[in-house]
1. Can you tell me which residue within region 191-221, out of those that are among the polar types (S, T, N, Q) and assigned to a helix (DSSP H, G or I), is surrounded by the most Cβ atoms within 10 Å (Cβ to Cβ)?
2. What are the pairs, 6+ residues apart or on separate chains, where a residue within region 134-145 that is closer than 13 Å to residue 196 by Cα and open to solvent by less than 10 Å² (accessible area, probe 1.4 Å) has its Cβ under 6 Å from a residue that is part of a helix (DSSP H, G or I) and of a type outside the set (Val, Ile, Thr)?
3. Name the residue that is least open to solvent (accessible area, probe 1.4 Å), counting only residues in region 93-116 that are among the basic types (Lys, Arg) and more than 19 Å from residue 143 (Cα to Cα).
4. State which residue pairs qualify: first residue more than 17 Å from residue 337 (Cα to Cα) and inside region 352-377, second residue open to solvent by 30 Å² or more (accessible area, probe 1.4 Å) and modelled with pLDDT under 80 in any location, beta carbons under 7 Å apart, and separation of 6 or more residues or different chains.
5. Just to verify a result, which residue in region 236-291, among those that are touching a strand residue (DSSP E or B) at 6+ places or on another chain (Cβ under 6 Å) and open to solvent by 20 Å² or more (accessible area, probe 1.4 Å), is farthest from residue 173 (Cα to Cα)?
6. So if I check each of 98, 113, which one is farther than 28 Å from residue 400 by Cα and either not hydroxyl-bearing (Ser, Thr, Tyr) or not in a loop (DSSP other than H, G, I, E, B) (or both)?
7. What are the residues in region 327-348 that are loosely packed, with under 11 Cβ neighbours inside 10 Å, over 18 Å from residue 262 (Cα atoms) and at pLDDT 90 or above, if any?
8. Please go through region 222-235 and pick out each residue that is at negative phi and either open to solvent by 10 Å² or more (accessible area, probe 1.4 Å) or part of a loop (DSSP other than H, G, I, E, B) (or both).
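The values are calculated or read from the model by the stated rules, or taken from the named source; none is laboratory data. All values reported here derive from a predicted model rather than from experimental measurement. Cβ placement follows ideal geometry from the backbone for every residue including glycine, while neighbour counts extend to all protein chains displayed. Note: accessible area is taken over every heavy atom of the protein model, side chains too, but ligands, DNA and RNA are not part of it. Shrake-Rupley method; radii C 1.70, N 1.55, O 1.52, S 1.80 Å.
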Amino acid sequence: KKAKALKDLEPKPVQAGAANDLYLDELLETTQNSLDEATQAAIEALLKVIGRGVGMTRSEIMSKAQLIKSILDAEVDATCFQRFSEARPAVVQIRSGKSEAELKKLGDLMQAKMALWVSTTLMESKKMYTFSGGFQGFAWAAVLIQLAVTASGQGALKFLGQLMCVECPYVLATSEPSERLKKENLVPMGVLYLFASLISNEELPLESAQQLAEQTVGEGAGQVLQAVQIPTISGSPPKQGNNCALFVLTWVEKYCAKVSLVNAKQVLSKGGADKKAALEDLDRGAEGVRILMNICGRIWDPKYHETAGQPNVLGGWKLVDPRMEIRSKILACLEETFFFHPMGEIIQQVQGNGVKEVVGLRKLLTGIGWNPQTMEHGRWMQMVGQERYIDALGMPSGNRNMLDILQDND
């Protein structure tokens with residue numbers, strides 16, 4: 001019965017922009033349930049080996065990525081398993097007595113289970129910073145990006161993209177979530193943090209970025225993205241990444257074209273009778289994009305700007321948006337969507353009540369739109385009153401990607 005269940009399950013094509021994939025459901029239900037108890041126990045043991053913690057140093061990220069790769073690829077003699085006595089026996093149990101076709105199916109199941117493990121870890125997390133001080137979203141994104149160069153890692157990222165769309169509708173540019181995001185509701189927030197960290201990282205391989213764009217923006221969105229060359233500190237040849245600023249622009253443009261936001265703008269521009277409902281829709285829309293831009297805005301951190309005539313070519317917007325043209329398009333799109341005439345007057349009339357997210361977005365966009373001629377280098381890390389400027393904007397500090405970690409610019 002088990003062999004027949006494994007044989008009959010064939011991969012289904014992933015629909016562009018779809019929030020769920022039947023093949024993922026089949027893996028986590030039919031395939032999982034068809035396994036004997038010993039194999040199921042072995043899979044759970046390996047997931048526990050992965051753990052829920054992640055650090056933001058090079059060694060922590062590389063070690064975590066290597067451990068996950070070895071588990072996904074069922075490498076019986078993996079060196080990293082020496083630190084985990086339960087790992088090798090679990091891999092042996094999974095491989096024992098399985099045909100090549102069964103092992104392929106089990107490999108897909110492990111990718112799906114790992115994606116679910118990461119998603120659940122972020123949803124259950126009570127803090128968004130690692131023990132070593134880095135932002136969890138950036139840390140997990142760095143681990144997943146190291147995995148993305150492998151076939152099993154790419155598969156896990158595909159499943160993770162589908163799970164993120166289900167767990168947090170706010171990652172879908174066209175969705176109209178029925179509930180507001182709240183600070184105390186970390187279930188969808190952690191997923192949104194990871195999504196924003198992934199799409200704002202130029203080290204994510206182009207193929208993986210295109211796949212994620214198709215899932216969260218819609219069909220054809222991946223074709224808009226472009227490759228960029230990522231330099232390395234060691235002197236080895238540059239790696240190929242994606243223009244993450246362009247990914248953010250593609251998502252924001254689709255998000256701002258949502259029916260609720262278009263209708264809200266029309267009502268408020270013309271002074272319609274349903275003004276209160278329109279303001280609620282506008283504020284709801286501002287909430288999702290504000291949280292996303294809190295993280296994605298780090299692409300334009302002033303620390304990546306030229307200083308003393310020496311361009312910093314190892315990270316940030318110097319690689320993806322050197323003239324800040326993409327930033328200008330993103331800011332213009334958000335301005336037109338949320339701060340059209342007469343929104344300024346309306347905000348004053350209601351004294352910010354009911355539009356706190358719109359007001360917060362205004363503050364954030366002002367910070368992201370800093371002027372290279374007037375903003376001092378490192379200004380975001382300077383104190384403004386009792387807190388750092390970057391914290392006052394609501395943005396995560398610390399290293400943003402592996403280049404930052406290697407360069408240790410913070």
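1. First, the residues of region 191-221 that are among the polar types (S, T, N, Q): 197, 200-201, 208, 210-211, 215-216.
If we keep only those that are assigned to a helix (DSSP H, G or I) as well, we get 197, 208, 210-211, 215-216.
Details: 197: 26, 208: 23, 210: 19, 211: 20, 215: 26, 216: 28.
Step by step, filter region 191-221, then rank; the result is 216.
2. 137/193; 137/194; 137/197; 138/197; 140/194; 141/197; 141/198; 142/402
3. First pass over region 93-116, keeping only residues among the basic types (Lys, Arg): 95, 98, 104-105, 113.
From the residues that got through so far, the ones that are more than 19 Å from residue 143 (Cα to Cα) too are 95, 98, 104-105.
Details: 95: 98, 98: 30, 104: 118, 105: 10 Å².
Residue satisfying both the conditions and the ranking: 105.
4. Final answer for the pair search is 372/305; 377/305; 377/307.
5. Restricting to residues being touching a strand residue (DSSP E or B) at 6+ places or on another chain (Cβ under 6 Å) and open to solvent by 20 Å² or more (accessible area, probe 1.4 Å), the top hit is 238.
6. None of the others qualify; the one that does is 98.
7. 345
8. Of all residues in region 222-235, those at negative phi come to 222-234.
Once the filter is applied, which keeps residues that are at negative phi and either open to solvent by 10 Å² or more (accessible area, probe 1.4 Å) or part of a loop (DSSP other than H, G, I, E, B) (or both), region 222-235 yields 223, 224, 225, 226, 227, 228, 229, 231, 232, 233, 234.
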